[in-house]
Amino acid sequence: MTGPDTTSAVTAVILCGGTNVRMGGRDKTSEQLGETTVLGRILRDLPDDWAIICVGTERPTSRPVTWTREDPPLGGPAAGIATGAALSSTPVTVVLAGDQPFAGDAAPHVVEALADSPSGVQAVALVDDSGSLQPLLAAYLTGPLHQAFPPGTRDVSVHRTAASLRMEGIPAPSPRALLDVDTPVDLFEARVIHLG
């Protein structure tokens, strides 16, 4: 067993930055889903005892989080991972894209899979329909994550950088887990699912 016995020794790093061109420059994480927002839905679904670090522009949230921002900003998701992970001191760090409103539900599954994985496995990620690992919905051993994404990382591919880690994949617990709000159509679908 490489991970913790419970899911409590976990920090979630949520990436809330980006330029959001396909949404007209709007902040996707602040888009409304009924009574909450995309980010609010993620926060609601994460376990209550996890520490949470949000990387992006600070705003009010429904539960306590630590806000940070890469410097200079807009260095890409790899920079966000490096910035957020630098503040994580728990054995396991979960990395989540802030535009995936249902990622909070799926996050404990990757943590449990990491805890049950063979010795030497450093991360567990969800696998999408094409069979590709999704490093933006994954649980990492924090030490190896720090090594792969050191401070100052920016303008590099997350997939290529995460490939330096021994990562295993697991199926998504539900089709909605990997839904990301990239377009107005995606936002409509997320609202239907949330309200359903």
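The values are calculated or read from the model by the stated rules, or taken from the named source; none is laboratory data. In this text the structure is predicted, and so the values were computed from the model without any measurement. Because the Cβ atoms are built from the backbone with ideal geometry, glycine has one as well, and the counts that use them run over all protein chains shown.
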Lone qualifier among Ser130, Ser117, Ser157, Ser174 - being free of Cβ contacts under 8 Å to residues at least 12 places away in the same chain and polar (S, T, N, Q): Ser130
Matching residues in segment 76-106 - criterion: being of a type in the set (D, E, K, R) and assigned to a loop (DSSP other than H, G, I, E, B): Asp99
Given (1) closer than 21 Å to Asp186 by Cβ; (2) at pLDDT below 90, number of the condition Ser62 does not satisfy: (1)
Test: residue in segment 74-94 that is touching a Lys or Arg at 6+ places or on another chain (Cβ under 8 Å) and more than 21 Å from Asp182 (Cβ to Cβ): yes
Any hit, segment 31-42, residues being modelled with pLDDT of 95 or more and either among the acidic types (Asp, Glu) or over 15 Å from the mean Cα position of the chain (by Cα) (or both): no
Ala162 vs. criteria under 16 Å from Leu137 (Cβ atoms), surrounded by 14 or more Cβ atoms within 10 Å (Cβ to Cβ), of a type outside the set (S, T, N, Q) and out of contact with any Asp or Glu (no Cβ under 7 Å at 6 or more places or on another chain): yes
Number of the condition not met by Thr153 [criteria: (1) closer than 25 Å to Glu112 by Cα; (2) surrounded by 14 or more Cβ atoms within 10 Å (Cβ to Cβ); (3) of a type in the set (Ser, Thr, Tyr)]: (1)
Residue under evaluation Gly98, criteria (1) surrounded by fewer than 24 Cβ atoms within 10 Å (Cβ to Cβ); (2) in contact with a Cys (Cβ under 9 Å, 6 or more places away or on another chain), criterion not met: (1)
Contacts under 8 angstrom Cβ, first residue in segment 44-62 being over 20 Å from Ala106 (Cβ atoms), partner of a type in the set (S, T, N, Q) and not in a loop (DSSP other than H, G, I, E, B), 6 or more apart: Gly56/Thr29; Arg59/Ser30
